[in-house]
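The structure appears below as structure tokens.
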Amino acid sequence: VRLKDNEKIVDGQGFFNVEALPEGSILVFPIAVKSSQENWTTYLESTEWHNSSGSFSKEMYFGGLESIGFGRCKVTLSGQYIQGEN
């Protein structure tokens, strides 16, 4: 993949220009969590999420993102609701 000289994006017809991201890049997307769940820790543990220092992670598959290379991702959830501080 040829990169532009002054930006880390694909030179030409790159799809979403994500081809230039280095392998192992970490992307952060904020999400909304319903505060109505009584105990998120118990819920996440019961659905096979891995608990590590108050955050939960799991490998997930996002079919809609497969075409741009993000189909299989490690997802990590953390924050006040996840850690039971609500």
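The values are calculated or read from the model by the stated rules, or taken from the named source; none is laboratory data. Just so you know, these numbers come straight off a predicted model, no measurement behind them. FYI the Cβ positions are ideal-geometry reconstructions off the backbone, even for glycines, and counts take in every protein chain you see.
One residue stands out among those in the range 35-86 that are closer than 26 Å to Glu23 by Cα and in a helix (DSSP H, G or I): the one that is modelled with the highest pLDDT, which is Gly63. Going through (1) surrounded by 13 or more Cβ atoms within 10 Å (Cβ to Cβ); (2) modelled with pLDDT of 75 or more one by one, Asp11 falls short only on (2).
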